[in-house]
Amino acid sequence: MNVSNASTYALTLSKIIGIVPLYINFITTIAGTIGGVCNLITFTAPRLRTNSSVYYLSCATVFEILSILFIVPTRIALDNFGNTLERQSMVFCKIRYYISITFPMLVTYYILFAIVDRSLATSRHVEIRAMSRLTFAHRISWIIFLIGTTASVHVFIFFNTINNNCQAPPGNVYTIVFAIYLIFIVSILPHSLMFIFALITFRNFKRTRQRAMPVLASAYNSRTKRSESQLIMVIIAQILISSTLVLLRLGSYTYSTLTSGNQNKTVGQRAVEDFCIRLGFALYYFSFATSFYLSTLPRKFFREIFFKRVRKLFYRFLRSFFVE
């Protein structure tokens, strides 16, 4: 590719970069915030509050909303409106990258423990099923939070404004360490465990359904089985969406981190890299905006709970408004 074609190619990509990720990020901010609130309305319903797996999903939803409200708007400002705060302020650089790593990681691990909890709850061993309880989930959620918030402290130490960019030191050993951290701890490990425990849960659930229990074959137990299966499907849907979109971000971001010290990239290479990073970022956080619409709302059991709660909250608001 000659210099003229490379320049035209880079210019075309720069125009696409300014449009596609921007629209995705705006949709993520609006739809994601609304969807997150709707998820919390659903998950905090009285009939779901005592479910330990739903509690993990509620924790994941909180950090999805926080990620969307902080990370996505700052990314929009940095990429499209000439915001140079990240490049000028070392403190903002460190805080933003720390939150960008920590909050999504917490979302991932809370979803992981939601499916782990279902694998415990569907076990045929009473001792294992006993571990699936709300008090246990409360303790584990705090452990996840403490480990998650301390595991990324290295970002505060090493990230800085270098060459007018907020980044890890180019060519430093930490660049490799950070890439490994992103690949294995943040992405591959939790998502691999998600698939493993999803398979275990399906196996356990299938066994419970195949057991001959004529005495327990009541309408109540039938509803319980349906609600259990739909809860598992909600978690599985979130796992599939998260795993698919995280791979898009992981590949481009890891490549950029590992090659950050290369000063010989062509204009076309830099344009492609920038496009992949921004699109991967936009799609990654877009996955946080889809959990309500693609996993919770399509399930009849959760959809009925959501609309029932909305009606109840609406009538309660009307009564309090007219009384006052």
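The values are calculated or read from the model by the stated rules, or taken from the named source; none is laboratory data. Here the structure is a predicted model, which means the values were calculated and not measured. For neighbour counting, all protein chains shown are included, and Cβ atoms are generated from backbone atoms with ideal geometry for every residue, glycine included.
When you go through (1) exposed (fewer than 14 other Cβ atoms within 10 Å of the Cβ); (2) not in a helix (DSSP H, G or I) one by one for SER132, which number turns out not to apply?
(1)
More than 13 Å from the chain's Cα centre (by Cα) and aromatic (Phe, Trp, Tyr), is that true of PHE103?
Taking the combined requirement at face value, the residue does not satisfy it.
With ARG139, ARG118 as the choices, which residue is touching a residue at least 40 places away in the same chain (Cβ under 8 Å) and farther than 19 Å from TYR181 by Cα?
That would be ARG118, the only listed residue that is touching a residue at least 40 places away in the same chain (Cβ under 8 Å) and farther than 19 Å from TYR181 by Cα.
For the structure I just gave you, tell me whether THR175 is polar (S, T, N, Q) and either in contact with an Asp or Glu (Cβ under 7 Å, 6 or more places away or on another chain) or at pLDDT below 85 (or both).
When the stated conditions are applied, THR175 passes them.
For residues that are modelled with pLDDT under 70, farther than 25 Å from ARG303 by Cα and part of a helix (DSSP H, G or I), tally how many sit in the range 209-247.
Selection size over the range 209-247: 4.
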